[in-house]
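The values are calculated or read from the model by the stated rules, or taken from the named source; none is laboratory data. Predicted model only: the values in this text are computed from it and were never measured. All Cβ positions, even for glycine, are placed from backbone atoms using ideal geometry, and neighbour counts span all protein chains on display. Areas reflect the complete protein model, heavy atoms only, side chains present, ligands, DNA and RNA absent. Shrake-Rupley method; radii C 1.70, N 1.55, O 1.52, S 1.80 Å.
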Amino acid sequence: MSTAKIIFNKVNKLLEWFLIVIFALLVLDVLFQVFSRYFLGTSFTWTEEFARFSLIWMTILGAAYLNAKREHLSMDFLYQKFSTANKRRVSILIEVFIFLFALVVMVIGGLNLVYTTLHLEQLSGTLRIPLGYVYAIMPFSGLLIMCFSIYHISNIYSSKTNN
Amino acid sequence: KKEDGAKVLYLGHSLPQSHPVHKGILEFQKALENKSGGTLKVKIFPDGQLGSEREVLELLQIGSVAATKVSAATLSNFVPEYHILGIPYLFRDKNHRFEILEGAIGKSILEKGSKFWLRGLCYYDAGSRSFYTSSKPIRTPDDLRGLKIRVMNNQMAINMVNAMGGSATPLAYGELYTAIQQGVVDGAENNPPSFVTSNHYEISKYYTLDQHSAVPDVLLIGTKFWDKLSDKEKIWVQQAADESAQAQKKFWSDSVDESMRIAKEAGVEIIIPDKSLFAKKSKSVLEEFVNKYPDMETIVNQIKNE
Amino acid sequence: MSIEVISIIVLFVSFFGLLLLKVPVAYSIGISTTLSLLLNIDKMPGITTIAQRMTTGIDSFALLAIPFFILAGEIMKRGGIANRLINFAKSLVASLPGGLAYVNVLASMLFGAISGSALAAASAIGSIMTDRMEEEGYPRTLSASVNITASTTGLLIPPSNILIVYALASGGTASVAALFIAGYLPGILLGLAIMGYVAFIAINKNYAKGKRATLSEIWTYFRKAIFSLLLLVIVVGGIVAGIFTATEASVIAVLYAALLALAYGEMKRKDIPSILLSSAKTTAVVMFLICTSMAMSWLFSFEGIPEMISSFLLESLHNKFVIFFAINIILLIIGTFMDMTPAVLIFTPIFLPVVTALGMDPVHFGIVIVLNLCIGVCTPPVGTLLFVGSGVAKVSVTQVIKPLLPFLLIMIAVLMLISYIPEISMFLPRLFGL
Ligand code: NA
Ligand code: NA
């Protein structure tokens, strides 16, 4: 197995555990919110914010994981009709588009968003954590997606030479 | 953004078009177009079309939206000085409030925002907030005991309700109608126009005018947009804002009268409690605030002594 | 040409181009939105705004119900709950002509009544039913068509993730609780209409009838399914009685389904991580689509598209019924190429002001738009349910299209009924005072 493939698998395993842990925390957090209101008679004000921020993290990180697995929803009506060579070209083109979106919007736009909110010291309503930390998942996932795209492109190339 | 040579100011806010504050913003639009001879235009996006208050504030900082109107409560997470305006029973009465907001203290708070790329232009009257409940009337603070009261997702509002003996429950505004109706919460707190435009008066039998806080609305412009204006244009914008604030006071008081009439006709019992009891209970909120932001104590004292 | 028109053309051309190239739908939406917005505002504010809309677009407590209902559905699928519902449904309707096809419809409705996602229903019921139906002579493509269209009933019958998305898109003018109750009758009506067509085919082709179950057999299967069915009472009853909000109900559904599946012994504690992971994946597919759709929806508002379309509709078409009809046709077309979630998020803010101006209740419109787009998720080129349903039935999408067509016509007929008879949707919410 190539080093790239070993790293790729390791990163995926790590991502899987991240997603599992965030989801489990999300379930426990909202269960705790319901039970505290009914059985303890109090509302902890941080549970709602924690849940919302976890959902953002789970979604954006999950999107990166889906890129690794190439399991985003797409339509292949035209694609099916392409020849093998064209399929390979289009697959590379798709990865290039994804790479550019991740670079421009998620990494550059995301970093500017993180920078602006951290620099201007915006805090969340109840947890009082800087919003920039919440947004940081955007450039982070964007970077992962860029790496995955490069990995997929190199795989498509090497499969061509092997054939 | 430019259109036919005119500069267009994109302004987003989350209120419906029937709201008296929206009417104030329309005055701003009219005054600015008049003063500038049509070279400065305002395009208004009501109903939260461009995002929630917090999100649009961020867009001002990012630079894609020029101006907005938000509650000072939302603003306090960006510019800490606005926390002061949320302190319960900060103002003695309406006149005291207008004197402070339109005087030096109010102006200095508006200017504090520039450091955070959010320049305050003027305050809009948002009246004072009071409790409303569905099944149990609140006549004294003791009646609040054990009641789940919906508050904004804001630490001071949470502290206040808890200090008075209630159980503060932050909940999204959109979920509130059904939450009251089905008893997920026992009540909420807001000013009369919002109490009526949200239709909460249909399902809340009691409105207790304890007037615990008077958080104003604020009209803001992003410094990214402001800095690109010429000196003359800056003066026009500020003048238009000041004029609209004066006009909006009348819209607000008309709307309060109208709202109270609608609520009464719908059979809501209006309770006029002894406000000093509530004020006494909420003193700890101020103490906690001063401990957390010691440098703001002088401003609070100035307001109280004026 | 004005810059607005150019940027709209850029938006649509790039969106369709990317979609046809098999670029993932979420990215096609995101990239075309970025290109279009950058024609209007400076580069840095433009891309930062899109990054911000993508994150804040899902910053909502109400949306949390989506991962939870997906998780609950996954647990029910793997924990033996789906199987118990099928057996119960079989004891009720298998003896009618076209018996097993009815079982498929009824089981989808029952599964839909306890889970929030139609994909879970389609894959859970479809993977079990297709083989059984084939044994009794049903072509796999027909089973797939029944399964695909019948699972849309779960999008109307509460709990329903798409109705939660609609409540969000309506800006709070329609409450989740009211939408949930409003979905019952249209969902059941749709199920009955599909059953009606199934009966027609079954009698024509003379498909086998099952053995009539005795009352005691029905009772046995009911007893085995009762704890699964109780979930319905807990979730929907809990919301309507005000014990908890829709989001909280969804997490209760997770807890209950997990306890039940552990008690049945068909789910082990060690299965939990893999169930969480596959639910997280499904969640990310749906939620990432929401992220980029929210950016596109914001772009539309920023361009003033909602006002443009609503003033066009209101000024050029004077008749209320014609306008409803026009909106339905537009939505049917949108539904063919756009997934349900982005379509609801992008087009609700455009059409809702028009229909409410004409006196339609936001709750009623929610049911109409969701039912309309239910047809879209069953059609090519972009049809999530079509893909999943054909996938679990192990048939190709193109093979399913022909047998599917009459089912789609049935759905359109039901859509017309629901559109023009508001009482079907509004009777129950009014009864409960929601
Ligand atoms: Na359902
Ligand atoms: Na479709």
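Evaluated at q = 0.04, 0.10, 0.11 Å⁻¹, a Debye calculation over the C-alpha positions of the protein assembly as shown (equal weights, vacuum) places log10 I(q)/I(0) at -0.19, -1.18, -1.41.
Averaged over A:109-122, how many beta carbons belonging to a partner chain fall within 10 Å of each residue's beta carbon? Could the numbers behind the result be given before it?
On the way: counts 13, 7, 2, 9, 12, 2, 1, 7, 5, 0, 3, 9, 6, 8.
Mean shielding count: 6.
About its Cα centre, the dipole of segment A:3-162 is roughly 720 debye, where the only charges are +1 on Lys and Arg Cβ and -1 on Asp and Glu Cβ. Measuring only protein heavy atoms, the 1.4 Å probe finds A:Ile6 accessible over about 70 Å².
Across the options C:Thr152, C:Ser293, C:Ala169, the greatest Cα extent toward the positive end of the charge dipole of the protein assembly as shown (unit charges at beta carbon of Lys, Arg, Asp, Glu) belongs to C:Thr152. Using all pairs of distinct alpha-carbon atoms, the Kirkwood hydrodynamic radius of segment C:97-190 works out to 13.6 angstrom. A 1.4 Å probe run over the protein assembly as shown, with the rest of the protein chains in place, finds 37 Å² accessible per residue.
Cα centroid distance between segment A:92-146 and segment A:1-70, in Å? If you average the Cα positions of each part, the centres end up 17 Å apart.
Across chain C, the fraction of Cα-Cα pairs farther apart than 34 Å, rounded to a whole number, is 30%. Considering the zone a paramagnetic label at B:Gln302 would reach in this model (a point 7 Å from Cα along the Cα-to-Cβ line), which residues of segment B:187-217 have amide N under 20 Å from it? Label zone hits: B:214-217. Which translational diffusion coefficient, to the nearest whole µm²/s, is obtained for segment B:94-184 from the Stokes-Einstein equation, given a Kirkwood hydrodynamic radius over C-alpha pairs, 20 °C and 1.002 mPa s? My calculation gives 136 µm²/s for D. Label positions at A:Phe32 and B:Ala104, each projected 7 Å from the Cα along the C-beta direction, are separated by 4.8 nm.
Counting other Cβ atoms within 10 Å of each Cβ, which GluC sites (Glu not before Pro) in segment A:1-95 have at most 16 and sit in a DSSP loop? Walk me through the numbers on the way to the answer.
Details: sites: A:Glu16, A:Glu48, A:Glu49, A:Glu71, A:Glu95; in loops: A:Glu71.
Sites meeting the loop and neighbour criteria: A:Glu71.
Here segment C:310-370 and segment C:12-88 have alpha carbon centers that stand 21 Å from each other. If you sort C:Lys402, C:Lys224 by accessible surface, 1.4 Å probe, largest first, the order is C:Lys402, C:Lys224. Amide hydrogen proximity for B:Lys43: with H placed 1.01 Å from N in the peptide plane, the residues at 5 or more positions away or on another chain lying under 5 Å are B:Leu9, B:Tyr10, B:Leu11.
Using helices alone, what [θ] at 222 nm do you get for chain B, with -39,500 (n - 2.57) per DSSP H run of 4 or more residues, divided over all residues and rounded to the nearest 500?
Numbers: 13 runs with 134 residues, N = 306.
That comes out to -13000 deg cm²/dmol.
With a simple spin-label model that places each label point 7 Å from the Cα along the Cα-to-Cβ direction, the separation between C:Gln399 and C:Thr356 comes to 4.8 nm.
Only protein heavy atoms count here; under a 1.4 Å probe, B:Arg92 has an accessible surface of about 150 Å².
Label separation (B:Asp231 vs A:Ala4): 6.1 nm, computed from points 7 Å beyond Cα along the C-beta direction.
Look at where the Cα atoms of segment B:22-71 and of segment C:185-201 average out, and the two centres are 51 Å apart.
May I ask which of B:Lys30/C:Lys320; B:Lys107/C:Lys43; A:Lys5/C:Lys22; B:Lys249/B:Lys304; B:Lys7/B:Lys304; B:Lys148/B:Lys280 have a Cα-Cα span longer than 31 Å here?
Pairs exceeding the cut-off: B:Lys30/C:Lys320; B:Lys107/C:Lys43; B:Lys7/B:Lys304.
Report the gain in length on full extension from A:Leu93 to A:Leu118: 0.36 nm times residue separation, minus Cα-Cα distance, nm rounded to one decimal.
Full extension of this stretch gives 5.5 nm more.
For chain B, the Kirkwood estimate of hydrodynamic radius, built from reciprocal distances between every pair of different alpha carbons, is 19.9 Å.
Rg/Rh for segment A:45-94 (Cα atoms only, Rh after Kirkwood) is 1.29.
For segment A:140-149, 3J(HN,Hα) computed residue by residue from phi via the Karplus equation (6.51, -1.76, 1.60; θ = phi - 60°) reads 4, 5, x, 5, 4, 4, 4, 4, 4, 4 Hz, glycine and proline entered as x. In this structure, the amide hydrogen of B:Ile271, modeled 1.01 Å from its nitrogen in the peptide plane, lies closer than 5 angstrom to those of B:Tyr207, B:Thr208, B:Leu209, counting only residues at least 5 positions away or on a different chain. The orientation-averaged projected area of the convex hull spanned by the Cα atoms of segment B:142-206 comes to 4.1 nm².
Surface composition of chain C: carbon and sulfur atoms hold 70% of the protein heavy-atom accessible area at a 1.4 Å probe.
Might you work out the accessible area of C:Glu135 for me, using a 1.4 Å probe with all protein chains in place, and round it to the nearest 10 Å²? Per-residue accessible area (C:Glu135): approximately 150 Å².
As a test of reading the structure, rank C:Asp339, B:Asp47 by solvent-accessible area (1.4 Å probe, protein chains only), most first.
On the way: C:Asp339 15, B:Asp47 85 Å².
From most exposed to least exposed: B:Asp47, C:Asp339.
Taking the square roots of five times each eigenvalue of the Cα gyration tensor of segment B:1-110, the equivalent ellipsoid has semi-axes of 27, 17, 14 Å, listed largest first. When Rg and the Kirkwood radius Rh are both evaluated on Cα atoms of segment C:1-136, their ratio Rg/Rh stands at 1.22.
Remark: the B:Ala6-B:Tyr173 segment gains 56.4 nm on full extension, using 0.36 nm per residue and subtracting the alpha carbon distance.
Heavy-atom accessible area buried between chains B and A is around 1800 Å² (1.4 Å probe, both sides summed).
For B:Lys280 and C:Phe200, the FRET efficiency from 1/(1 + (r/R0)^6), where r spans their Cβ atoms and R0 equals 60 Å, is about 0.20.
For chain C, what does the relative contact order come out to in percent, with C-alpha contacts under 8 Å and a separation of six or more? Write down the numbers at each step before the final one.
Numbers: 659 pairs, mean separation 104.0, N = 434.
Relative contact order here is 24 percent.
As a calculated quantity, the FRET efficiency between C:Ala263 and A:Asn12 at R0 = 30 Å, using C-beta atoms, amounts to about 0.35.
When chains C and A come together, the accessible area they lose, probed at 1.4 Å and totalled over both chains, is close to 5300 Å². Between the amide H of B:Cys122 and those of B:Leu219, distances stay under 5 Å, these residues lying 5 or more places away or on another chain, with hydrogens modeled in the peptide plane. Remark: accessible surface ordering of C:Met287, C:Met416 (largest first) is C:Met416, C:Met287, probe radius 1.4 Å. Here C:Met308 and C:Asp42 are evaluated by their C-beta separation; at R0 = 22 Å the FRET efficiency comes out at 0.40. So what does log10 I(q)/I(0) come out to for segment C:299-400 at q = 0.12, 0.24 Å⁻¹, using the Debye formula with one equal point on every Cα and no solvent? Debye output, listed in q order: -0.45, -1.25.
The alpha carbons of segment A:3-162 occupy a box of 65, 36, 34 Å along the principal axes, longest dimension given first.
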